[in-house]
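J.: One structure follows; several queries about it will come next.
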Amino acid sequence: MQSARANLLLLAACWACALSSSTLLTAVGPLAATATGSSIGAAPLTISTFLAGAALISIPSAALFRHCGRLNGFLIGCGLCVCSGAAGAIGLICNIPSLIFISSFLAGLAQGLSHFYRFAALEVCSPSQRPYAVTLVLSGGVIAAVAGPNLALATKELGRVFGDSRRYEFLGAFAGISTIGVLNALFSVCVTFPASAGKTSAPVSQSLPRLMCADPRCIAAVAIAALAHTSMVSLMSPLVVVMHDGCEADAYPIGSCWSDTYSSLTLQLHFLAMFGPGFVTGRVISTLGPQRTSCCGAFLLLIAAGTLAAGGALENFIAGMTLCGLGWNLCFTAGTLLLASSEMLRECRLSLANGANDFIIFFFAGIGSTGSGYINGIYGWRCVAGIIVLALILALALLMLMKNSDRL
């Protein structure tokens, strides 16, 4: 039987693969949509459909793993990832924009199932190893932060065999998504899961919505995580289109058109800021507490949105999206720890509570992504960033009031 450390390293590789396919899709999805004929306003819907898939699968995911077991559940996710890449590749070859959005939706379904890798990490090790286990598995996000955007650049020329059309630049990226899905499946098969993994259940004494609404900590946890994810996604969704095509469509007249190299660099630093600080965020929260940490995160998100609204220079994009990633990390981690300490988790299964939490987060993030795409197409990027600034000022004021509540 494999050691716990070997299983955890394999799960970290699985998580890295899952996130790499997501960051790769983020880098090429909106551009692939415009290359097949979608408008600048509709292009960010690739991110929205991705989030819709992740939200949709979060509802039955716990039951799926309980019925099929961990390995089969993860293999289903890997299969969806392979289908996602295939759908996107066919859409590019045949110039069918709808297949790009279907590809994004399938990728979202796969990503929603991959979130359970962190629960699998808790199941393959002893209780004393659990803090180390989750940190090790989630560290795969650092690999994905580098791999996804760089794969988008490295695969640009692979599709040229089909022709010189711009849409063929992204063919290799979608082939890469399928390849990552196969690699992820191979890693998953090598993990030794406990026989009962994912199949345990516990009775829920009350309805889940009632439990969530009755617990102030749960409300705060979901609100903080949803705020962070919606703000981040709203800024990230139209980013590559703004940097690549914005000035051509007069969506951001004061800026310049930046090459794919610079947009990939911006995304890479953004993803590194999202996942890299995870090694120390726990200590920060232990020192400041979840409420103060979430206020710091919201403040960083506010500065990020203000920086992005201030100008179209490359340094604005890089600094703004890096600060956005840091703010997301602080808020999202603080919200996760608040959820873990809520009364709701004493009443229902962790996986069920996490599924409900993920659905709410992805639902609002999907709305934000859709809205930011259309606002950018009609009113421009500065308007998108300005709306986020106003929303974060209000949210920060509410967080400051919430911080002093003795019920949290």
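All of the numbers you see were taken from the coordinates with simple rules; none came from a lab. Everything quoted here is computed from the prediction, not taken from an experiment. Virtual Cβ from ideal backbone geometry, glycine too; neighbours counted across all protein chains shown.
J.: How many percent of the alpha carbon pairs in region 1-198 exceed a separation of 31 Å? Walk me through the intermediate numbers first.
T.: Values: 3792 of 19503 pairs.
So the portion of pairs separated by more than 31 Å is 19 percent.
J.: Run the quick spin-label model on Leu401 and Ser39: label points 7 Å from Cα toward the beta carbon, then report their separation in nm to one decimal.
T.: About 3.8 nm, to one decimal.
J.: Next question. At 0.36 nm per residue, and after removing the present C-alpha to C-alpha distance, how many nm does the segment from Ala154 to Thr192 gain when stretched out fully?
T.: Once the chain is fully extended between Ala154 and Thr192, it gains 10.3 nm.
J.: A further question on this structure: Report the net charge of residues surrounding Thr155, where surrounding means a beta-carbon distance below 15 angstrom and charges are Lys +1, Arg +1, Asp -1, Glu -1.
T.: With Lys, Arg at +1 and Asp, Glu at -1, the neighbours total +1.
J.: Could you work out how far apart the two model spin labels at Ile367 and Ala313 are, taking each label as a point 7 Å from the Cα in the direction of the beta carbon, and quote it in nm?
T.: It is 3.7 nm.
J.: Now, a different point. Using a basic spin-label model with each label point 7 Å from the Cα along Cα→Cβ, how many nm lie between Thr287 and Ser3?
T.: 3.3 nm
J.: Given 0.36 nm per residue, what is the gain on full extension from Leu122 to Ala63 after removing their alpha carbon distance, in nm?
T.: Working: separation 59, 0.36 × 59 = 21.24 nm, distance 1.82 nm.
Extra length available between Leu122 and Ala63 comes to 19.4 nm.
J.: Between Ile393 and Phe279, what is the FRET efficiency for a Förster distance of 30 Å, r being their Cβ-Cβ separation, to the nearest 0.05?
T.: That pair, Ile393 with Phe279, gives E of 0.45.
J.: Just rank Asp260, Asp358, Asp164, fewest to most, by other beta-carbon atoms within 10 angstrom. Mind showing how you got there, number by number?
T.: Working: Asp260 18, Asp358 21, Asp164 7.
Exposure proxy ranking, most exposed first: Asp164, Asp260, Asp358.
J.: Fewest first, what order do Ser286, Ser237, Ser165, Ser114 take by the number of other Cβ atoms within 10 Å?
T.: Ordered by Cβ neighbours within 10 Å, fewest first: Ser286, Ser165, Ser114, Ser237.
J.: In what sequence do His115, His270 fall when counting other Cβ within 10 Å, fewest first?
T.: The order, fewest Cβ neighbours first, is His115, His270.
J.: If we sort 86-92, 53-59 on the protection proxy, mean other Cβ atoms within 10 Å, highest first, what's the order?
T.: Top to bottom by mean Cβ count within 10 Å: 86-92, 53-59.
J.: Could you state the number of Å between the C-alpha centres of region 278-295 and region 50-95?
T.: 33 Å
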